Structure formats: structure tokens, C-alpha cells
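Q: This is the structure I have questions about; it appears just below.
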Amino acid sequence: MGGKVTCTLGEVKNRADFIVYWGGNPAECHPRHFTKYTLMQKSPFLPRGRKDRTMVLVDIRETKSAKASNIFLQVRPGKDFELITLLRAMIKDQPISEAQVAETGLTIEQLQDFVSRMKAAKYGVFFFGMGLSMTRGKHMNSAALLTLAAEMNAFTKFVAMPMRGHGNVTGADVIMRWQTGYPFGISFNRGYPRYNPGEFSTVDVLVRGDTDCAFIIGADPGATMPQPAIDHLAKVPTIVLDPHVTHTSKLARVHITTAPAGISAPGTAYRMDEIPLPLRPALKSPYPSDEEVVRRIKEALLEKPDWMGERPQMLQNQI
Amino acid sequence: MNKIKLTLKKNPTVVLETEVISPDYFLERTHEEICASVVYHGKREKRLDEFFDVDGERSDCIEIHGDLQRVRHVGRAMTRGEVTIHGDVGMHLGALMNGGVIEVHGNAGDWVGGEMKRGKIHIHGDAGQQVGAAYRGSIIGMTGGTILVDGNAGIEVGMRMRRGMIVIGGAARDFAGLQMKGGTIVLCGGAEIRTGAWMQRGTIISLKNLALMPTFAESGVYNPTFLNVYSRHLKTLGVQLPFAEVDGRYRRYSGDQGVPGKGEILIWEPAV
Amino acid sequence: MLRITGGTIYDPANGINGEVRDLYVEDGKFVSSFTGGRTIDATGLVIFPGGVDVHTHVAGGSINFARAMTPEDHRRTQAFIRSQTRRSGLGGMAPTTFATGYLYAGMGFTTVNEAAVPVLSARHTHEEMADIPIVDKSCLVLMANNEIMLDLLEAGEYERAKHIVAWHVWAAKAYGVKAVNPGGVAAWKWGKDANQLSEPVEGYKNTTPGSIVTSLAKIIDELGLPHPIHLHCNNLGAPGNITTTLETMKHLEGHRAHMAHLQYHAYGGDDWDTMKSESAQLAEYFNAHPNMTTDAGAVLFGDTVTITADGPWQHLLYKLTGRKWGNLDVENETGCGIVPYSYRPSNLVNAVQWATGLELLLLIDDPWRVFLSTDHPNGACFWRYPEIVQLLMCADFRKECMAGLPPEIMNRITLPEINREYTLYEIATIMSAGPARALGLQQKGNLGIGKDADMVIYHSDKDIARMFGHPRYVIKRGEIVIEEGDIRETPDGSEYLVKPSFDPGTDEFLRPLFEDRYCMSFENYPVEMERIERPDLQQCITTE
Amino acid sequence: MDLKVIDHATCTFCGCVCDDIQLHADDERIHQAKKACVLGKAWFLNHTAERKYPDALIDGKEATVDEAIAAAAEHLYQADMPLVYGMSNTTCEAQRECVEMADHLGGLLDSHTSL
């Protein structure tokens, strides 16, 4: 069934001697990842720093990150899932032939070498990026790598972590989990949280036209989502909170300019390994913070008549 | 036969959740009670008759007319009776079903027969994603019953299913039989990629050639007698499964080695 | 102002055992009397001080990780629907924060102690605790595998280590110190475990799990933390671990200590096939050593999710069950493993665990030293405590349950020979007065004048599980929060903190080590006081 | 002019959330972001305290924040299935308000993760 085996970045800094980046380009997208956490740091366990660590990059093209790596494995586009599943078989000594490996674009020797290095590692870590999680297969590609990491623990210590982009998306994930039990893709329409990505995830909701009012904060779907989704945002009343007038603001009925987080709005943000950090704003903004605006909208809503009516306090059987 | 007829009279503007449209729920209820059944239009509680004309009462035989694409959870957890839909229908049709029959003259949305236990669902058109699949985080999908889809189906057909049968008349998309633990999937029109990925046990039969995962190993040709039995069973469902040696043979693959699993995929090779 | 008249009162802290008395509440505290105000007629009803959970996991990185791993459980559990004044929530194995408050209060608990806070995720833990309504809270910071402290102990710098511990307690805004598997988590990070109390910890020459335990207990006593060392021993859950547990207890002589979830540390046998309960032997030692308190960590049959900072144990469970597994290693201190698990009566190991928890509760004589817990969610979910109360109060019911166990269990447990039945007074002790005293929370678990007016009013009922699962009223600081199962109010609870004194130079000493070992700025680590909602600073004490 | 120096500032541009940045700022803008990477520098230096945009827009026309809050609340209140989406580039404090609002609205709640 697999699972999720992960750690904080300090563990990587102190212990990881085998670091795999899969489908990501940290050199350009997370520029300090190498220096702060993975490659360059020395620790009592890895006194020679970079020399004590091996880095592998698995990607479909040779990005700038390949220069930093000891080993670059160029996987054929769309074959990550197959490659990871082959590795799952190989670590368990299943017979795998050259012919089976061919479609991944790699050789059996490359995979055997990779497997033996993984097993020889004292502390291995997979970091995976959008090249894995956003290509065909999506969450199953991530699940595959998480499962491989979990299974590697039969041989040595191994963990996996997504390379989250976009500032504080991790914070949203963490907070939704403690308040609702679920990380994203939630509906409260029955009065309690329900979860079903594909059903309640935003692109699907917008493309099917399942919402009649959209509140957008800290994101610009008008610039990033598929056109049918954007069309629906333009069709329904859309409300945007953002430090800039964005693409989405331009098709929205209401835009409110807010102070940018960490620049002029204080608060907390979670790092990709779910460690919270305080923000220390340097500027005073002429605009209110997101926090203040959302609170005031919420208060305005509370002043309106209750639309929900009598419902039981608790349900034993959810839908 | 006594029957309850529902006709959609007002199109929902957002999703309409109608788990009350179920033989078990309607069976002991009067016309007025059925009309007053609570449905959810988005977040708002509404009466069923705000959206449907209701004809009949106290029956476990339900006939529905209209475009129900936005109508979800029809026949949820039903244990008996019949639901017949003339038109398209939305997600979770017959999810957690434990008996009875659902027939759709049209297309169905995602999660048809999700985690169903017993009964039969027949979609004459296409079905969405996750036919007979497990919901997020569940270890087990469908555990029994039959799902027939005459048209095409989306990704993750029969994901984590343990028992039962799914027949896709057209083509399935990616990950058919993902993490399957048992049961049978018949793919009459083949499938896109990653069929049988991470399967532990169970059987996938494809009448069209498949691009298989590299972690499936060929283990011979096969004309097993049990396919004869399958074939006869499928015939009663209106599905033709070839099994005579003169017509061709099945190539057998086992996997998924990544697990490692003992599932099998049988691919039909017609005689030249 | 609220007066409760005619109730039968069980208030062990004041030696009141089933006497009919009136209670008066003003400004959230008990007072001697007044006139006017609202009256609750409690004639024929039973009154306890509000429940106190000394050891639970309800907030922070690990339980939140468990929530992420169990969406299937969230779907099948009870759902709390939001109202104009109340947030929605889901119960189950790892309830959401809001539901955690509703469920605890719903069975009469008004104070909970979150038992494991990794140094780095203290800020996160406090944010979650702020979202647990109704109950008052405290939390314990994990120290026993802190590499900076271990290095100091290795170098013989005991005083400095003490300052480091005190600094961490305050930086984490914790109430005490939890020690998990001393030395073992550090080893686990290399895929190993520390099993022998006297063998040096991986990477050290002199420091052993035993020496860590003794030093930390001494440090905590000298700092005067109101709650002693809260110890999760090595070798959790392993057959034959009684030896480790007894040896650990010997290392604690002369110090106060709270032994967490003792059930998991009371096994004999050599392997899973021969595993048996050694609760009698353990209870005998424990009874003779009043320096210790413990909580049961009882197991109930059914589904749960196991989640502990004991990574090695969790990996073993994963291998045994083949189910989902999560693991989260936090730098320099802790790792936590998460595995969904079902305890089944037909499984011999589970049956032994079930019996062991009850045996400890029944064989430890002094109810002031053994407390009700399931190590939520490890042994069972906290909202199943009423079932344990029933098992403790009804020997016949226990016998009924034992009839369903595999016959070969009988020479592995002593439960069938125990006829003790808890009285209401004793239940009030293990559920409220005792844990409050062990935590050093003098205003809790006590219906005396001036104490916090937290109480629970039960119907007198022969069906014990129903009586304790469905109180008539639950009153938190004088406010009726639950009435006949309905959630009336959801006030915010306080958070208890302590500020042990440490050398002001500790910051300067720690900064370079911290920045070397950790991956965040030293200045960004300590949780600011203003981040704590309703802080309640407790005084340190003098111990002899 | 003397610049104000902020130590241990936190950059929220990417998921690394580096918290060792030293910012040098006047009242208007950040002039230096020491230790920040090229992406972080751009992030810090491109935001200013200027009033570059109107406080709020309603149907494309400038409005006050009060008016916009009232309009937003009314749209959300009237909706049968409102959606709250995004929450990447904002603080946890704002995210908590968003989750509470979605809970109260009985709506959909989703983040960037679902993409």
C-alpha cells in the first residue's frame, strides 16, 4: 500500500549522502536548495560536505541542475512511472531484462548502478518536482516515488519530499488538514468537510461549471488554468485578493488590493518540509493584509441572516 | 408494475446531490414524502420536487428522464430494486451499491459503482473515470457485482477492486486495473497506457492489443477452459468473448513485477 | 454565577467520596456560597471534576501527518456540522482540531496534555492547539534525542545541558519534557535502534540510554518543572521488554518520573509467538516505588492509527501488517512513524496487549499513580475511554470480553485472576484528580474552593459505558459546554506554560550549534509569547 | 539616507522559504536582500510600498475597500456553490480565515496543490 516517508530539510543537511532530484530543476527554480540543504553543507556525519554526497538528477532534459549532479539519468518523456515501477521490481531482486528497460531510455546497467547506489546509501532522499507530479499520471507518479522510498527502508534509510513551488502552498495544505482532515479538494456543501480530488478540485469544478461564485486569493488562475476554466471564472462573479491587479482581477467582478505577504504583511509561512517560519515584513503597505480583508468579509457574512437553518449537530453516516 | 417516474423539470445550475433517489429510500414512502425528500443544490437544502416531476409512490422501481449530468449520487448504497435513467447522469452513480440493478440509456460521470459490493450497473453510453474504483485512501475498491459500460471509460477503471466484474465495451484510458487485488476486467476496445499497473492479483482480458507496462512478463499462450465459463456468463450480459481455438488464442502476461504481483493480463490474438 | 445542588460528589483531591453537597461557581472558579444565580438541580446525579488526559496526541506535525494518511477513516466517521457559532469537524482515528475539542468535552474531559512536540514544530503545535476548542491544554517538548544535549552529556557538561533543556522548554512554550526512546531515535535515523540501556548510543562513547534517562530526570527535578520527566522507554512494544522497563525504572530511583503508556512496556517472552504479559512483575516493582506515576496506554479492539516518535517500532509494524506507512524524521530530535492498525481479539499479540493494559490499571494499587490513557490514537482513540471505565468497574463484563479471546492466551495473562472492581471514587482519581496532580496543575481535577470550575455531571446509570460516554452536563470554568450531548458553548481553552530559569548566555552558546545542526535561523525558532492564545504561566516548584 | 535593516527575514517566493535574508529598506522600497537568491532578490525588490493600484475595483471601476468587502460578501452569500481557491502566496493567518470562511459558506475549498 505504500505510504509517505519524509523528513525535515535539516535531516537532509545533516545526514543525506544520496540525493536524487526527480523531474525538477532546483538550480533554476529553488536556487538555494543545493547550498542550504542538500549538497554543499558539511555536518558531523558528512564532514567533507559535497564530497561525501552523491547527487543524481532524473529528468527528461539536461537542465542546469545536471551540471551539479554526479549522475544524470535522462528518462524518456512520460516514462517516469514505468521507470519507478521497474526500480521497485529491481530493489526486490525481480528479474528484469535489458528489453524491459529499453522504453525508459536508460540501460539496464544504469538502473543496476542506480539501485546498488540507493542500497549502499546511508541516508537517501528523493526530491520530486513538477516534471514528475504534473505530467501524465500525475498523482500516481508522485505515489510511485513515495512508495519506492518507503520500500527502500527495507534496505536503508530513505525518504521522499515534493519540491513545492509557490511560497506558502504547504501552509494551506497543513492548515486544511488540521481543520478539515483533508489537504485540498474539499467541499463543505453538506455542512462538514468532504474530500474528492477530481470532483472538488478547482480546474475540474470550473471546467464542468460546478460553481457559481469564485473567491481567489494568492493565485492567478486567469494566467495559468486551461481556457474553459478561465471562461467560467469570467462567467460567474469572481472576487480576487492580490497585491497586483492580475489577469484574474481583470475578469473579476471584485478586486481588492492587499499587502504582499512577507514584504509588508506579517504572519507565518510553512516551508516545503512543513516547518513554520515567521515572516518579518520590511515595508508598511498602504493596503490591508489578506488576513484582515478575509476576516472582514467573513464578518460581513456572519451579519447576514443564517441561510443554513436547523441541521443536526452531528451525523453518524456521511455521504 | 408499480413504478416511480421522475422527470427533470428544472436544470440545476450547480451540482444536485440526490442520494435519496434510491429504491431503498422510495420503497416505503408516499408521493408527498418522496416529493419532499431533501436534495442538495450546491449548499442549499431543497425539495426533490423543485427539480423533478414525481409520479408514483412506494416502489423500488425508479425511472428517471432528463439530462442529469449535474445530478450526483443516484442509487447510492442501494440494496434492491431498479433504477433506469433515460439521459446522462452525473458522478457516483450506484456508489457503495449492495444489490439491485441500474441501467443508464446515456452517459455516466465518474465513480460509477465506486466501492460497490453487489448488484449490476449497465451504462449504454460512456462512463467517466474511476469506474468501480476505491475512493481516495481506501485500500479496496469494488468487492462484487457487475458493471457493464458499452462505450468508453476514463482512467483508473477498477482501481483496487477485489472481486466482481467490469466490462468496458469501448476503450478505457490509463491505469485500467490499477492496484487490482482480484476480480475481472474485460476491455473489449483495449486501453491506453499502464493497464494493470501495480496489480497484485486478478485478471484483465483485452480483446485489443495493449501497450503493457515493462514490468509485465509474458508467460505463454493460453486457451484456458475457464474462459469458456466466463464467455458463457458474459453472453448472458450480451458480451461476446472469443474462446474457441479456431478463432485465436490469448497471450498471457503476469505482473506487476514492481509489487511484485500475481495478476494476469490476457490479450486476444485472433487467428490469421 | 451557577449553583449545582444535590449532586453526589466524587472529589478525590479533597477526599470527598460520594457525598451530597452543593457547589457554587463564580467567575469560573468554585466559591463557598452566594445567593441568586442560576441553579442546576443535580439531585440523583453524579459529579466528578473534569477529566484530565495526561498523555495524548492531538496537535502537531505527527497527528497532522496521520490525518493526511487516513482520508478513508475521515469518511466513515462521525461528522460535526457547522453552526453559526461552531466550526465543522470530523471525528475518527485522528480527529480534526475542532472535533477533538467537541469529543473530549463530550465525555467530560476539560484538560489535555499533548505529549510529543518536536523542537522544530512547536510553532505548528501551538497553532493547532489554538484550534482545539473548550479544553485547556499543555504540551511537552521532546528532548531525549536532542543531539546538542547528548553531546554535552557525552562531554560531561551537565550544567550546560540543564540550561539547554530549560531554554528549549521556554523556546517551545512547552509545559514539560518528554523523553522518547532515549538514544534510540538518533540511532533509527541510521536505520538502527538502541535496545540496551547500558550500551553506548550510536555515535557516542559514554552516553547510554540509561545515562540519558538519569540525567534528564535529574535536570527536570532540578529545574523544578511541575511535571516530571515524561518517559517513553526504549523497546516499546517488543516481547521481553519488561527487562528494559525495569532497568529504566532503576535508573530513575531518587527522581520523580512519569512512565508513559506502560502497557507497551510490560511484555515477557522472547518473540511474537511467546509474548506474554508481565504486568504483575511490573506492577509489583512500581507499587514499591512511589517516585513514579504512569498512564496505562490501554488497548481496545478495533481500528486506529498508530503514531509515535518511535520510528523503529513503526517500521516493524509496517513490515508486520503490510499496510500504509508514514514516517517523518525531524532533525536532531525525533522521528515519527504512522501506521493504520486494527487490534483484533483473535490476534494473540493484540489480545495480550488488551489484557496487559487492564492488568496494570488493576494491579497498581494506588489510583493516584496510574491514569486512564490509550496513548491516543495508538492503543485506541481517546473517545473510547468510557469503554475502559466499564472494563475497570465490571469484573463480569471483563470476563465476558475474555471469553472471546483465543484459549491459548490464558497462560500468558493474569487478568482472569483479578477480581478487583474500580469504585467511582477510584475512577475519578485515575481520570481527573490523579493526572492533574501528576501534571502539577493544582487548579485542575479538584472541586475545592478557588479551583477552576471544571466538572462533569453524569446520570447514575448501570450501563457504565453509556454513563461516562453521555454526561448530563459538562461545565468548563463555570460555563455549561455540553448539555445532554448537545454542544452549548465552545470557549477557547488556556495553554499552560512554564519558564524554567536558564543562564542568559545560553542563547549565545546555542546559536552557532543551532545554526550548524538545524536549518532555520536561530532567531526564528523560539515561539513568541504573543503566538500563544490565552497563555497561563505556571510556577516552577522546588523538589527535594 | 539610512536604511532600516531587517535580519532573519523570510522569503516566501518558493517552497524553500529561506529565513536568513537580510533586508535593507527605506519607507518606500527594499534596496537590498542579502543572501537571497536571484528569484528571491527579484521578489523582494519588485514589491514596493507605493500605491500602484487602486484600493479596490468593482466591475472594473475604482471603489473603496469597504465597498468591495460588502460586494464580495454579497456575491458569496448569494451563491449556491461558492469556491474559495488559491492560498499559495499568502500567510497562514489569511489561510486560516479562508478555511473558516469556506466552512461558513458551505462552499468548495481548494489550493494550488490540486492542479
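The values are calculated or read from the model by the stated rules, or taken from the named source; none is laboratory data. Note that the coordinates shown come from a computational prediction; the quantities given were computed from them, not determined experimentally. Cβ sites come from the backbone with ideal geometry, for glycine too, and all protein chains shown count toward neighbours.
Q: How about the range A:296-319: which of its residues are within 23 Å of A:Pro183 (Cβ to Cβ) and within 7 Å of chain D (Cβ to nearest Cβ)?
A: The first filter runs over the range A:296-319 and keeps only residues within 23 Å of A:Pro183 (Cβ to Cβ), leaving A:298, A:315, A:318-319.
A:Lys298 - this is the single residue of the range A:296-319 that is within 23 Å of A:Pro183 (Cβ to Cβ) and within 7 Å of chain D (Cβ to nearest Cβ).
Q: Among what's in the range B:243-266 and is over 21 Å from B:Gly177 (Cα atoms) and at pLDDT 85 or above, pick the residue that is farthest from the other protein chains (Cβ to nearest Cβ).
A: Quick first cut of the range B:243-266, residues over 21 Å from B:Gly177 (Cα atoms) only: B:243-249.
Subsequent filtering for residues that are at pLDDT 85 or above retains B:248-249.
Numbers: B:Gly248: 25, B:Arg249: 22 Å.
Ranking the qualifying residues of the range B:243-266, first place goes to B:Gly248.
Q: Being on the phi < 0 side of the Ramachandran plot, of a type in the set (Lys, Arg) and part of a helix (DSSP H, G or I): is that true of A:Arg50 here? Give the steps one after another, and end with the answer.
A: Details: on the phi < 0 side of the Ramachandran plot: yes; of a type in the set (Lys, Arg): yes; part of a helix (DSSP H, G or I): yes.
For A:Arg50, the condition - on the phi < 0 side of the Ramachandran plot, of a type in the set (Lys, Arg) and part of a helix (DSSP H, G or I) - is met.
Q: To continue, here is another question. Got a sec? Which of C:Glu528, C:Glu484, C:Glu515 is among the acidic types (Asp, Glu) and more than 29 Å from C:Ile220 (Cβ to Cβ)? Give the derivation first.
A: Values: C:Glu528 fails: more than 29 Å from C:Ile220 (Cβ to Cβ); C:Glu515 fails: more than 29 Å from C:Ile220 (Cβ to Cβ).
Only one candidate qualifies: C:Glu484.
Q: Go through the range D:88-113 residue by residue and tally those that are of a type outside the set (S, T, N, Q) and modelled with pLDDT under 95.
A: 1
Q: When only residues in the range C:39-91 that are under 27 Å from C:Tyr175 (Cβ atoms) and within 14 Å of chain B (Cβ to nearest Cβ) count, which is farthest from the chain's Cα centre (by Cα)?
A: C:Ala68
Q: Considering the range C:36-76 alone, what residues qualify as being modelled with pLDDT of 95 or more, under 22 Å from C:Ile132 (Cβ atoms), in a loop (DSSP other than H, G, I, E, B) and β-branched (Val, Ile, Thr)?
A: Across the range C:36-76, the qualifying residue is only C:Val58.
Q: Hey, another quick one. Conditions: (1) touching a residue at least 60 places away in the same chain (Cβ under 8 Å); (2) surrounded by 20 or more Cβ atoms within 10 Å (Cβ to Cβ). A:Thr85 meets all but one. Number of the miss?
A: (1)
Q: Can you say whether A:Phe200 is on the phi < 0 side of the Ramachandran plot and not in a loop (DSSP other than H, G, I, E, B), as far as the supplied structure shows? Even if it seems obvious, please write down each step before you answer.
A: Working: on the phi < 0 side of the Ramachandran plot: yes; not in a loop (DSSP other than H, G, I, E, B): no.
Here the answer is no, as A:Phe200 does not meet what is asked.
Q: Let me spell it out: the conditions are (1) at the interface with chain D (Cβ under 7 Å from one of its Cβ atoms); (2) within 14 Å of D:Gly86 (Cα to Cα), and A:Thr246 meets all of them except one. Which number is the exception?
A: For A:Thr246, the failing item is (1).
Q: In the range C:264-277, which residues are under 13 Å from C:Leu246 (Cβ atoms) and surrounded by fewer than 24 Cβ atoms within 10 Å (Cβ to Cβ)? Give the derivation first.
A: Here is the first cut: in the range C:264-277, the residues under 13 Å from C:Leu246 (Cβ atoms) are C:265-268.
Hit for the range C:264-277 is C:Gly268, nothing else.
Q: Please go through (1) modelled with pLDDT of 90 or more; (2) crowded, with 24+ Cβ neighbours inside 10 Å for A:Glu11 and return the number of the only condition it doesn't satisfy.
A: Of everything listed in (1) modelled with pLDDT of 90 or more; (2) crowded, with 24+ Cβ neighbours inside 10 Å, A:Glu11 misses just condition (1).
Q: Are any residues in the range B:238-250 surrounded by fewer than 14 Cβ atoms within 10 Å (Cβ to Cβ), at negative phi and under 24 Å from the mean Cα position of the chain (by Cα), and if so, which ones? Full working, then the answer.
A: In the first step, residues of the range B:238-250 are kept if they are surrounded by fewer than 14 Cβ atoms within 10 Å (Cβ to Cβ); the result is B:238, B:240, B:244-247.
From what's left, at negative phi: B:240, B:244-247.
Matches in the range B:238-250: B:Gln240 only.
Q: Let me ask you something else. Check off (1) in a helix (DSSP H, G or I); (2) closer than 30 Å to C:Gly89 by Cα for A:Ala150 and give me the number that stays unchecked.
A: (2)
Q: Limited to the range A:209-239, what total is found for residues that are facing chain D (nearest Cβ under 9 Å) and either assigned to a strand (DSSP E or B) or crowded, with 18+ Cβ neighbours inside 10 Å (or both)?
A: Of the residues in the range A:209-239, 17 are facing chain D (nearest Cβ under 9 Å) and either assigned to a strand (DSSP E or B) or crowded, with 18+ Cβ neighbours inside 10 Å (or both).
Q: Related question: Kindly list the number of the only condition in (1) more than 24 Å from the chain's Cα centre (by Cα); (2) more than 7 Å from chain D (Cβ to nearest Cβ); (3) crowded, with 22+ Cβ neighbours inside 10 Å that fails for A:Leu206.
A: (1)
Q: For the range B:46-84, give me the residue count where each residue is part of a loop (DSSP other than H, G, I, E, B), under 19 Å from B:Lys10 (Cβ atoms) and under 20 Å from the mean Cα position of the chain (by Cα). So that I can check it myself, show each step before the final result.
A: Initial filter on the range B:46-84 (part of a loop (DSSP other than H, G, I, E, B)): B:51, B:56-60, B:66-67, B:69-70, B:73-81.
This time we only want the ones that are under 19 Å from B:Lys10 (Cβ atoms), so: B:51, B:66-67, B:69-70, B:73-74.
Filter again for under 20 Å from the mean Cα position of the chain (by Cα), leaving B:67, B:69-70, B:73-74.
Count: 5.
Q: Something else now. Among residues belonging to the range A:1-52 that are small (Gly, Ala, Ser) and away from chain C (no Cβ under 11 Å), point out the one that is farthest from the chain's Cα centre (by Cα).
A: Taking the range A:1-52 first, the residues small (Gly, Ala, Ser) are A:2-3, A:10, A:16, A:23-24, A:27, A:43, A:49.
From what's left, away from chain C (no Cβ under 11 Å): A:23-24, A:27, A:49.
Working: A:Gly23: 12, A:Gly24: 12, A:Ala27: 17, A:Gly49: 27 Å.
Here the residue is A:Gly49.
Q: Looking at the range A:261-305, which of the residues that are within 22 Å of D:His8 (Cα to Cα) and charged (D, E, K, R) is surrounded by the fewest Cβ atoms within 10 Å (Cβ to Cβ)? Please lay out each step first, then the result.
A: Residues of the range A:261-305 that are within 22 Å of D:His8 (Cα to Cα), as a first pass: A:261-285, A:289.
Subset that is charged (D, E, K, R): A:271, A:273-274, A:280, A:284.
Values: A:Arg271: 26, A:Asp273: 28, A:Glu274: 24, A:Arg280: 18, A:Lys284: 11.
Taking the candidates together, the pick is A:Lys284.
Q: Turning to a different aspect of this structure: Of all residues in the range A:252-269, how many are over 21 Å from D:Arg51 (Cα atoms) and in contact with a Lys or Arg (Cβ under 9 Å, 6 or more places away or on another chain)?
A: Residues in the range A:252-269 being over 21 Å from D:Arg51 (Cα atoms) and in contact with a Lys or Arg (Cβ under 9 Å, 6 or more places away or on another chain): 1 in total.
Q: Given the residues B:Asn152, B:Asn98, B:Asn107, which is the only one that is surrounded by fewer than 24 Cβ atoms within 10 Å (Cβ to Cβ) and farther than 30 Å from B:Ser59 by Cβ?
A: Numbers: B:Asn98 fails: farther than 30 Å from B:Ser59 by Cβ; B:Asn107 fails: farther than 30 Å from B:Ser59 by Cβ.
Result: B:Asn152 is the single residue among B:Asn152, B:Asn98, B:Asn107 that is surrounded by fewer than 24 Cβ atoms within 10 Å (Cβ to Cβ) and farther than 30 Å from B:Ser59 by Cβ.
Q: State all residues of the range C:351-396 that are in a helix (DSSP H, G or I), over 23 Å from C:Pro95 (Cβ atoms) and among the β-branched types (Val, Ile, Thr); if no residue qualifies, say none.
A: If the condition is that a residue be in a helix (DSSP H, G or I), over 23 Å from C:Pro95 (Cβ atoms) and among the β-branched types (Val, Ile, Thr), then C:Val352, C:Thr356 are the ones that fit.
Q: Restricting to the range A:61-96, name every residue that is in a loop (DSSP other than H, G, I, E, B), in contact with a helix residue (DSSP H, G or I) (Cβ under 7 Å, 6 or more places away or on another chain) and within 12 Å of another protein chain (Cβ to nearest Cβ).
A: Listed by number, the residues that qualify are A:Arg76, A:Lys79, A:Ile96.
Q: Being in contact with a Cys (Cβ under 6 Å, 6 or more places away or on another chain) and either surrounded by 18 or more Cβ atoms within 10 Å (Cβ to Cβ) or modelled with pLDDT of 95 or more (or both) narrows it down to one residue among B:Leu212, B:Leu207, B:Leu227, B:Leu234; which is it?
A: Details: B:Leu212 fails: in contact with a Cys (Cβ under 6 Å, 6 or more places away or on another chain); B:Leu227 fails: in contact with a Cys (Cβ under 6 Å, 6 or more places away or on another chain); B:Leu234 fails: in contact with a Cys (Cβ under 6 Å, 6 or more places away or on another chain).
Among B:Leu212, B:Leu207, B:Leu227, B:Leu234, only B:Leu207 is in contact with a Cys (Cβ under 6 Å, 6 or more places away or on another chain) and either surrounded by 18 or more Cβ atoms within 10 Å (Cβ to Cβ) or modelled with pLDDT of 95 or more (or both).
Q: Related question: Kindly indicate which of D:Glu28, D:Glu67, D:Glu50, D:Glu62 is surrounded by fewer than 17 Cβ atoms within 10 Å (Cβ to Cβ), in contact with an Asp or Glu (Cβ under 9 Å, 6 or more places away or on another chain), more than 7 Å from chain A (Cβ to nearest Cβ) and modelled with pLDDT of 95 or more.
A: D:Glu62
Q: Criterion first (among the β-branched types (Val, Ile, Thr), modelled with pLDDT of 95 or more, in the same structural domain as A:Arg136 (by TED's automatic domain parsing) and more than 24 Å from the chain's Cα centre (by Cα)) does A:Ile71 satisfy it? Quick ask: steps written out before the conclusion?
A: On the way: among the β-branched types (Val, Ile, Thr): yes; modelled with pLDDT of 95 or more: yes; in the same structural domain as A:Arg136 (by TED's automatic domain parsing): yes; more than 24 Å from the chain's Cα centre (by Cα): yes.
Judged against the criteria, A:Ile71 is a match.
Q: Another question, if that's okay. Being out of contact with any Cys (no Cβ under 7 Å at 6 or more places or on another chain) and either at pLDDT 90 or above or of a type in the set (D, E, K, R) (or both) narrows it down to one residue among A:Arg32, A:Arg53; which is it? Walk me through how you get there before you give the answer.
A: Numbers: A:Arg32 fails: out of contact with any Cys (no Cβ under 7 Å at 6 or more places or on another chain).
Unique residue meeting the criteria: A:Arg53.
Q: Suppose we filter B:Arg249, B:Arg232 for residues that are among the basic types (Lys, Arg), farther than 21 Å from A:Asp80 by Cα, out of contact with any strand residue (DSSP E or B) (no Cβ under 6 Å at 6 or more places or on another chain) and outside any loop (DSSP other than H, G, I, E, B); which single one remains? Steps first, please.
A: Details: B:Arg249 fails: out of contact with any strand residue (DSSP E or B) (no Cβ under 6 Å at 6 or more places or on another chain).
Unique residue meeting the criteria: B:Arg232.
Q: Every residue in the range A:177-201 that is within 16 Å of C:Gly61 (Cβ to Cβ) and either out of contact with any helix residue (DSSP H, G or I) (no Cβ under 6 Å at 6 or more places or on another chain) or more than 7 Å from chain D (Cβ to nearest Cβ) (or both), please.
A: Within the range A:177-201, the subset within 16 Å of C:Gly61 (Cβ to Cβ) is A:177-179, A:181, A:183.
Within the range A:177-201, A:Arg177, A:Trp178, A:Gly181 qualify.
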